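Inspection log for the structure reproduced underneath, given as structure tokens.
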Amino acid sequence: MGILEAIVLAIIEGLTEFLPVSSTGHMIIGSTLMGIAHDDFVKLFTVAIQFGAILSVVVLYWKRFLVGIDLYLKLLAGFLPAVAMGLLFKDHIDALLENVTVVALALLVGGVVFLFIDRWAPGGRDSDGGTVTYRQALLIGCFQCLAMVPGVSRSAATLIGGMAQGLSRRHAAEFSFLLAVPTMFAATVKSLYDYLGDGGAFTSAHMRLFAIGNVVAFVVALLAIKAFIAYLQRHGLAAFGWYRIALGGLLLLLLALGLPLQLV
């Protein structure tokens, strides 16, 4: 993987990590199209640059992290279900990560859900203060487990979970962003540990790619979060639903026709 591919993947990560369109699915599609999806370092890179994306959340919401231990306990409650699922089904999850068909189907099904979610779970009002209870945090964490299927989207699963618990779109999205910090940080550390434990090593070129990828992902994610919150409050989720359906349908069509998804 060269610098150009690293920048492209980092832009994809920054744009899609906090949008309900599945960053993992888009990273799989992007790396497949560039012909680098099966490289072990590329797989690690797509996870490690999440650090840049979550840093954007810390920068944007830094005041939330200074108000006391209550937020941390609620994030812990939301984080624990993903830990349990990850430990129990790690091998099955890893097997899905290279399956474009699974990504396409998850995008398609999630898109259909998004067309009706504003009717099924309209959520509360922004004036409700956005307070999340421990029970709500735990249930949102259970929804987050659905995102272990590539193409579902962690952001989509937690956003739907929050709205289903009565949170407004904005407050559900913001708790989703905050919950991403421990979840994605743990995933990054675990991936680095596994890579090094399996005998992997980092060259100076690898470190340069990590640095570039995280900086690009940070800047792009910062802009994407601000734009997403503004759009979500005014327009809802239907547009993301149509996008997911179009992309998932296109991938299934290409697969059905036997056309290669690899460009190089």
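Each value in this text was obtained by applying a stated rule to the coordinates, not by laboratory testing. Everything quoted here is computed from the prediction, not taken from an experiment. Here the Cβ positions follow ideal geometry from the backbone for every residue, glycine too, while neighbour counts run over all protein chains shown.
Can you compute the helix-only [θ] at 222 nm over the chain? Use -39500 (n - 2.57) per DSSP H run of at least 4 residues, normalise by all residues, nearest 500 deg cm²/dmol.
Values: 11 runs with 196 residues, N = 264.
One gets -25000 deg cm²/dmol as the mean residue ellipticity at 222 nm.
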Checklist entry - By how many degrees, 0 to 90 and rounded to 10, does the Cα axis of helix 204-235 deviate from the longest principal axis of the chain? => result 30
Item to check | FRET E, pair Lys226, Ala246, Förster distance 30 Å, beta-carbon r, rounded to 0.05 | outcome: 0.75
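What does the C-alpha gyration tensor say about the overall shape of the stretch 4-53? Classify as rounded when a/c is under 1.5, otherwise prolate if a/b is larger than b/c, or oblate.
Working: a/c = 1.71, a/b = 1.38, b/c = 1.24.
Verdict is prolate for the stretch 4-53.
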Checklist entry - Once both labels are modelled 7 Å past Cα along the beta-carbon direction, what's the Arg135-Thr203 spacing in nm? => result 5.6
Item to check | Tally of Lys pairs whose C-alpha atoms are under 24 Å apart, taken over the chain, 8 or more apart or cross-chain | outcome: 7
Next on the checklist: Mean-square fluctuation check for the chain, GNM, Cα pairs under 10 Å: which of Leu223, Leu105, Leu251 is largest?
Outcome noted: Leu223
Checklist entry - Which ³J(HN,Hα) values, rounded to whole Hz and listed in residue order, are derived for the stretch 46-56 from phi using the Karplus coefficients 6.51, -1.76 and 1.60 in 6.51 cos²θ - 1.76 cosθ + 1.60 with θ = phi - 60°, glycine and proline given as x? => result 5, 8, 5, 6, 5, 4, x, 5, 6, 5, 5
Checklist entry - Counting Lys and Arg as +1 and Asp and Glu as -1, what is the net charge of the other residues whose Cβ lies under 13 Å from the Cβ of Ala77? => result +1
Checklist entry - Which angle between 0 and 90 degrees, to the nearest 10, do you get for helix 169-197 versus the longest principal axis of the chain when only C-alpha atoms count? => result 30
Checklist outcome for this item: Here the stretch 109-115 yields Karplus 3J(HN,Hα) values (6.51, -1.76, 1.60; θ = phi - 60°; whole Hz; Gly and Pro given as x) of 5, x, x, 4, 4, 5, 5
Checklist entry - By how many degrees, between 0 and 90 and to the nearest 10, does the Cα long axis of helix 154-164 differ from the longest principal axis of the chain? => result 20
Checklist entry - Based on the alpha-carbon gyration tensor of the stretch 172-216 and its eigenvalue square roots a ≥ b ≥ c, which shape applies: rounded if a/c is under 1.5, prolate if not and a/b is larger than b/c, or oblate? => result oblate
Next on the checklist: Just to be sure I understand the model, the point goes 7 Å from the Cα along the line to the Cβ. What's the resulting Val109 to Asp70 distance in nm?
Outcome noted: 3.7
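Shape verdict for the stretch 1-114, please, from the Cα gyration tensor: rounded (a/c under 1.5), prolate (a/b greater than b/c) or oblate.
Details: a/c = 1.80, a/b = 1.40, b/c = 1.29.
Since a/c reaches 1.5 and a/b is larger than b/c, the shape of the stretch 1-114 is classed as prolate.
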Checklist entry - Dimensions of the chain along principal axes (Cα, Å, largest first)? => result 50, 42, 35
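So if I place +1 on the C-beta of Lys and Arg and -1 on the C-beta of Asp and Glu, and nothing else carries charge, what would the dipole magnitude of the stretch 3-256 be about its Cα centre? I want it in debye, nearest 20. The partial results should precede the final answer.
Numbers: 16 positive and 15 negative charges, 167 e Å.
Computed charge dipole of the stretch 3-256: roughly 800 debye.
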Item to check | Among Gln233, Gln165, Gln50, residue whose mean-square fluctuation peaks in a GNM of the chain (springs only between Cα atoms under 10 Å) | outcome: Gln233
